[in-house]
Amino acid sequence: MKEIVVISGKGGTGKTSLTASFAFLSKNVVVADCDVDAADLHLVLNPKTISRGRFKSGNLAVIDPAKCISCGKCELLCKFEAVILNKKTGKYSVAETGCEGCGVCVRFCPVQAIGFPERDCGEWFVSEVSCGKMVHARLDSGAENSGKLVSLVRKKAKEEAEKSKAQLIIVDGPPGIGCPVIASVTGADAALIVTEPSLSGEHDLERVADLAKHFRIPIYVCVNKWDINPEKTRGIEQYCVDSGVFFCGKIHYDKNVTEAQVNGRTVVEYGEGACVREIINLWETLCRKIL
């Protein structure tokens, strides 16, 4: 079983459109949407959910008003100003969005009026899609620990791949170089970095490439919308040559990409033309290198 992660140094480079097209071009594959902070792969793969579960992570302080003696010690100790006094009732409560789950108020409450349950942060799903199975998730607004949810989605994806005897997992990773990206690439067989021909695209490519190299993940690079800035594209190709990274291909700018998204379909099933052929060639090249 192989696991390919599609990532980018910044958002908006087109990695999700490519991931969806790669999934459509494959058979009996498991797709994992690990961009849990802004998951949108489901918009073009149209999954039908077959199982789901809650994602709990960290803790949340909860004051029991029946036990609270309104001493105000929790408000005094809270460094995040999450404890709120209701002036009408004289009772305290904890603002869910302000609580960092440090547990200081729980430790020092003189009457043990503060509970500390696990925080409900979101939901994960296993779904059926036309190419196989898809594992995806929804992180609640303001919820933290997205890296932990990414690890959970990858774990579920491997379980589904073993059940269905799928030989390939395609991961739509998060953008950037933070904790969720690290959680999505560690242990993967390869990472395809999607970038665009701009100054920020070039800069963020180098950052995420350094990250993947640090974890010894074989990396491949492609440039999306390369014809918008051919000179910058040549610069990225030269960067790949100089740094020993395999340049996998480049894709024209094509309005059909946006139209495909609006119509809830992948690019390769929606239209024809140079862009589609380039995506197919890119996928075939990647498969020859990795599988």
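The values are calculated or read from the model by the stated rules, or taken from the named source; none is laboratory data. Given the structure is predicted, the values throughout are model-derived calculations rather than measurements. Note that each Cβ is placed from the backbone with ideal geometry, even for glycine, and that neighbours are counted across all protein chains shown. Accessible surface is based on the protein model in full, side chains and every heavy atom, while ligands, DNA and RNA are left aside. Shrake-Rupley method; radii C 1.70, N 1.55, O 1.52, S 1.80 Å.
Residue-wise HN-Hα couplings along region 253-258, as the Karplus relation 6.51 cos²θ - 1.76 cosθ + 1.60 with θ = phi - 60° gives them from phi, are 5, 8, 4, 4, 4, 5 Hz; Gly and Pro carry x.
For region 59-97, trypsin sites (Lys or Arg not before Pro) are listed when DSSP marks them as loop and at most 15 other Cβ atoms sit within 10 Å of their Cβ; the list is LYS67, LYS79, LYS87, LYS88. Apolar share of the accessible surface for the chain: 51 percent from carbon plus sulfur atoms, 1.4 Å probe. Karplus-derived 3J(HN,Hα) values for region 161-174, using 6.51 cos²θ - 1.76 cosθ + 1.60 with θ = phi - 60°, are 5, 5, 5, 8, 6, 6, 9, 9, 10, 10, 10, 8, x, x Hz; glycine and proline are entered as x.
Note on the chain: with a GNM built from Cα contacts shorter than 10 Å, the maximum mean-square fluctuation among LEU149, LEU41, LEU25 falls on LEU25. Placing pseudo-labels 7 Å out from each Cα toward the beta carbon at LEU77 and ASN28 gives an inter-label distance of 5.7 nm.
On full extension, the segment bounded by CYS287 and GLU269 gains 4.6 nm, given 0.36 nm per residue less the C-alpha separation.
Rolling a 1.4 Å probe across the protein heavy atoms gives region 7-116 an accessible surface of 53 Å² per residue.
Label zone of SER243 (point 7 Å out along Cα→Cβ, amide N under 14 Å): in region 142-176 this covers 176. Multiplying the residue separation of GLU231 and ILE84 by 0.36 nm and removing their Cα-Cα distance gives an extension gain of 47.3 nm. Using a 7 Å offset from Cα along Cα-Cβ at VAL62, what residues in region 107-136 end up with backbone N under 14 Å from the label point? Zone members listed by number: 113-121. How far is helix 15-25 tilted, in degrees, relative to the longest principal axis of the Cα atoms in the chain, given as a value from 0 to 90 rounded to the nearest 10? Taking Cα atoms only, the helix is inclined about 60 degrees.
Compute the acute angle (0 to 90°) between the alpha-carbon long axis of helix 274-290 and the principal axis of greatest extent of the alpha-carbon atoms of the chain; round to the nearest 10°. On a 0 to 90 degree scale, this one is about 80. Placing a label point 7 Å from the Cα of GLU159 along the Cα-to-Cβ line, the residues of region 38-74 whose backbone N sits under 15 Å from it are 50-56.
Axis of helix 199-214 versus longest Cα principal axis of the chain: the two differ by about 80°, to the nearest ten degrees.
By the helix-only formula, in which each DSSP H run with n ≥ 4 contributes -39500 (n - 2.57) and the sum is divided by residues, the chain has a 222 nm mean residue ellipticity of -11000 deg cm²/dmol.
Assuming charge only on the beta carbon of Lys and Arg (+1) and of Asp and Glu (-1), the dipole of the chain about its Cα centre is about 920 debye to the nearest 20.
Mean separation of Cα pairs under 8 Å and 6 or more residues apart, divided by the residue count, gives the chain a relative contact order of 27 percent. The candidate values are [x] 36; [y] 51; [z] 42; the one derived from this structure for percent of Cα pairs over 32 Å apart carries the label [x]. For region 20-104, the set of chymotrypsin sites (Phe, Trp or Tyr not before Pro) satisfying both a DSSP loop assignment and a count of at most 16 other C-beta atoms within 10 Å is given as PHE80. Near ALA161, once Lys and Arg are set to +1 and Asp and Glu to -1 for all other residues with Cβ below 12 Å from its Cβ, the sum equals +4.
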